[in-house]
1. Segment 167-268: D in µm²/s via Stokes-Einstein (Kirkwood Rh, Cα pairs, 37 °C, 0.692 mPa s)?
2. Between the DSSP loop rule and a limit of at most 16 other Cβ atoms within 10 Å, which trypsin sites (Lys or Arg not before Pro) in segment 129-190 are left?
3. Label segment 54-124 by shape, choosing from rounded, prolate and oblate, from the square roots a ≥ b ≥ c of the eigenvalues of the Cα gyration tensor; if a/c is under 1.5 it is rounded, and otherwise prolate applies when a/b is larger than b/c, oblate when it is not.
4. List the relative contact order of segment 28-150 as a percent without decimals, with contacts defined as Cα pairs under 8 Å and 6+ residues apart.
5. Output the pairs from LYS67/LYS100; LYS190/LYS264; LYS139/LYS190; LYS137/LYS207; LYS40/LYS100; LYS7/LYS188 with a Cα-Cα distance over 26 Å in this structure; if there are none, say none.
6. Relative contact order of segment 185-283, please, whole-number percent, based on alpha carbon pairs below 8 angstrom and at least 6 residues apart.
7. At a temperature of 25 °C and a viscosity of 0.890 mPa s, determine how fast the chain diffuses translationally according to Stokes-Einstein, using the Kirkwood radius over alpha-carbon pairs as Rh; express D in µm²/s, rounded to the nearest whole number.
8. With an 8 Å cut-off on Cα pairs and a minimum separation of 6 or more residues, tell me the relative contact order of the chain in percent.
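Values quoted throughout were computed directly from the atomic coordinates according to the rules given, and no laboratory measurement underlies them. This is a predicted model, so every value here is computed, not measured. Cβ sites come from the backbone with ideal geometry, for glycine too, and all protein chains shown count toward neighbours.
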Amino acid sequence: MYNETAKNIREGLTADCSKCFGLCCTALNIIASSDFPINKPAGTPCMNLQSDYSCQIHSQLREKGFKGCTVFDCLGAGQVVSQVTFNGQSWRDNPKIGEKMFHVFPIMEQIHEMIAYASEALSYDISSALSDELIEKLKELQKLTKLDADELLSLDLIMYRFSLNELLTAASDSIREITIAKLPGTKKAKDYNHAGADWMGKKIKCKDLRATDFRGAYLIAADMRNTDLRAVNFIGADLRDADFSGADLSTSMFLTQMQINSAKGDVKTKLPSFIQRPSHWIN
Ligand code: SF4
């Protein structure tokens, strides 16, 4: 069965900063806000990045106003760009490659995100026809990670995103329909559709929201404490400061580590196996 392999692929998409040349701390621009106390242009190392590419204030990021750094997650793209695309050469030792490396990094990040979604969808109980299409798509995406820097820079990622999105929606709809059929009550499938909804700050604690479609929804600072969110599609939803304390997200679909890092929760929040509990939820 491919779904065990897919689950392993999804769970393996984690950052290994020890194999990365501080790409997120250098390639990306930083704008002063509630998440960052400084401005930093793209391609310039952050003032806290040390010569060994570790962060000087790693254990005090939130206290020092760098909350955004505790939210960011590259899904392992940083080490692949550093060790595979650029074969272990660093922008510091070879400044000529710097610009190219910094442009490739966000492309690889997007490819890894698509691999995460495709492999997660394949870990579900879906039809064999859909599974075959997803396997083909996943293999295609995995091949992209081996391309050289120039090939990566010339990719049309929108095309890849568009075709993948159709498959992810089909997978999520199928799982949600199976769940809805088992739920009590007379609600119809459309009653569970809140794709793109603006639920900012909404108080929905202790509700049963199973099988809801929250694709691209705005759930910023929503109070979702102790909600049942199994089989919910969260792809592209904005979860900043949403409170999931005590909530059940164990089988929520298409959640990313960044979404969870940006939200609130506690030791009782149930998370999917491929999501780590953020340290700021515990301390
Ligand atoms: S504060 Fe640390 S983690 Fe954040 S960008 Fe700077 S070096 Fe990187």
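1. 246 µm²/s
2. The qualifying sites are LYS146, LYS187, LYS188.
3. In terms of gyration-tensor shape, oblate.
4. Averaging sequence separation for qualifying contacts and normalising by length gives 20 percent for segment 28-150.
5. Listed pairs above 26 Å: LYS67/LYS100; LYS190/LYS264; LYS139/LYS190; LYS137/LYS207; LYS7/LYS188.
6. 20 percent
7. The diffusion coefficient I find is 123 µm²/s.
8. Relative contact order, the chain: 13 percent.
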